[in-house]
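Shown next, in structure tokens, is the structure this report addresses.
The values are calculated or read from the model by the stated rules, or taken from the named source; none is laboratory data. The structure displayed is predicted, hence computed values, not measured ones. Because the Cβ atoms are built from the backbone with ideal geometry, glycine has one as well, and the counts that use them run over all protein chains shown.
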Amino acid sequence: MVLFLIAFTSMGAFGEPNMGISGTVGWDTMQINAEISLDLASAGLRLPSGRTQGESLLNAGFLNLILPSILSLQVDSSSTIADLVDRGEITMQEIEAIALMANAVPPALSPDMRNISAYHSIPLKNITSSLLRHSRPSPIMRTLNPVSAARFTGILIIAAENLPVHGMRSTALPVPSLFPKIWDSEMNLIFERNMLEPGRSAMVHYSSLQNIFVNNPSGLSPELQEVVGERPLRIFAQGVFGIKPTDLIIDKNDALLIISSEENRRLLSQGKVAIILDDSVLRYEFNGEL
């Protein structure tokens, strides 16, 4: 069903209006932003009388145009939203409901009056919330030999360059996903989505390298400070893991600083985690047409 839908949206409809979509998926802003545009002449519409019908056509085409960008989102290292639908872990009806919750700007005419366009944005938190269905968080790993650790305000993992791929003789640039796992260098699982407290809208937040070199006491941008506070534990990722390089490996000694105290473990369960990635993977463009 999912494959049919994606194929359908990529085909031009015979004799139908020329309607298309262009947009971006921004992992740093956690937003899908899209513009849907209709060529008025192709629909046989003339202004001013045809404007209302043009807006109706935009609304009618919205779902078919926006769904491929949602279905292609990377959920974790091995699955996209489309994979979850195929496995029955979420339904197409649920995905459509998320799409229809998009924030929309009223349609507007282009300066040359030939096209009418509508702008939509979908917060990725609406998608993560629908996939976080546990009622209580799983326990976070503890250690029998805790080390002395400061009380941090958040966890900041820097992974903005090519890193060794676990189990392979290669490197890869880490990429974002909705639910990346964090492992220590002995491949103990430190953080995964079921450890997040119910009601949290994001497991991690993504940002670019420039946002940790800001001219203020913390060195962090206001957006990052909002997530990890002014005194985060700063960690350099040691490697990546998974079919897609979304899961990060950190040094065991850094992991011990997190799991050695209840306060620092709580930073994970509260989602006070930011990952610094290369700018090239933080956003990508998409387009399509009916």
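Observations on the structure shown:
- Ser207, sole failed condition from (1) outside any strand (DSSP E or B); (2) at pLDDT 95 or above; (3) small (Gly, Ala, Ser): (1)
- Scanning the stretch 212-264 for residues that are without any contact (Cβ under 8 Å) to a residue 12 or more places away in the chain and at positive phi gives a single hit, Gly219.
Residues are listed down the side, and each one gets a yes or a no for (1) of a type in the set (D, E, K, R); (2) touching a residue at least 12 places away in the same chain (Cβ under 8 Å); (3) in contact with a strand residue (DSSP E or B) (Cβ under 7 Å, 6 or more places away or on another chain):
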site	(1), (2), (3)
Leu40	no, yes, yes
Leu47	no, yes, no
Gln74	no, yes, yes
Ser79	no, no, no
Leu84	no, yes, no
Gly88	no, no, no
Met92	no, yes, no
Ala99	no, yes, yes
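- Complete set of residues in the stretch 21-38 that are in a loop (DSSP other than H, G, I, E, B) and either modelled with pLDDT under 75 or among the polar types (S, T, N, Q) (or both): Thr29
Residues are listed down the side, and each one gets a yes or a no for (1) at pLDDT below 80; (2) within 24 Å of Ser177 (Cβ to Cβ); (3) of a type in the set (Lys, Arg); (4) in contact with a Gly (Cβ under 9 Å, 6 or more places away or on another chain):
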{"site": "Phe8", "(1), (2), (3), (4)": "yes, no, no, no"}
{"site": "Met19", "(1), (2), (3), (4)": "no, no, no, yes"}
{"site": "Leu40", "(1), (2), (3), (4)": "no, no, no, yes"}
{"site": "Ser49", "(1), (2), (3), (4)": "yes, no, no, no"}
{"site": "Glu55", "(1), (2), (3), (4)": "no, no, no, no"}
{"site": "Asn59", "(1), (2), (3), (4)": "no, no, no, no"}
{"site": "Ile66", "(1), (2), (3), (4)": "no, yes, no, yes"}
{"site": "Leu73", "(1), (2), (3), (4)": "no, yes, no, no"}
{"site": "Val85", "(1), (2), (3), (4)": "no, yes, no, no"}
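- Filtered residue count, the stretch 83-118, keeping only those that are surrounded by 15 or more Cβ atoms within 10 Å (Cβ to Cβ), under 25 Å from Glu55 (Cα atoms) and β-branched (Val, Ile, Thr): 3
- Whichever residue in the stretch 62-77 is within 15 Å of the chain's Cα centre (by Cα) and of a type in the set (S, T, N, Q) and, among such residues, is surrounded by the fewest Cβ atoms within 10 Å (Cβ to Cβ): Ser72
- Count - residues of the stretch 203-221 that are under 14 Å from Ser280 (Cβ atoms) and of a type in the set (Phe, Trp, Tyr): 1
- Selection from the stretch 236-262 of residues that are aliphatic (A, V, I, L, M) and more than 15 Å from Tyr206 (Cβ to Cβ): Ile243, Ile249, Ile250, Ala255, Leu256, Leu257, Ile258, Ile259
- Residue selected from the stretch 236-290 under the condition more than 15 Å from the chain's Cα centre (by Cα) and of a type in the set (Lys, Arg), by the criterion surrounded by the most Cβ atoms within 10 Å (Cβ to Cβ): Lys272
- Here the helices (runs of 4 or more DSSP H) wholly within the stretch 74-193 that include at least 2 residues being of a type in the set (Asp, Glu) are 81-87, 92-100.
- Some residue of the stretch 246-255 being farther than 26 Å from Ile32 by Cα and assigned to a strand (DSSP E or B): yes
- Every condition in (1) surrounded by 14 or more Cβ atoms within 10 Å (Cβ to Cβ); (2) at pLDDT 95 or above is met by Met141 except one, and the failing one is (2).
- Listed by first and then second residue, the pairs linking a residue in the stretch 265-290 that is in a helix (DSSP H, G or I) and among the polar types (S, T, N, Q) to a residue that is surrounded by fewer than 22 Cβ atoms within 10 Å (Cβ to Cβ) and at pLDDT below 95, with Cβ atoms under 7 Å apart and 6 or more places separating them unless they lie on different chains, are Ser269/Pro137; Ser269/Ile140; Ser269/Glu197.
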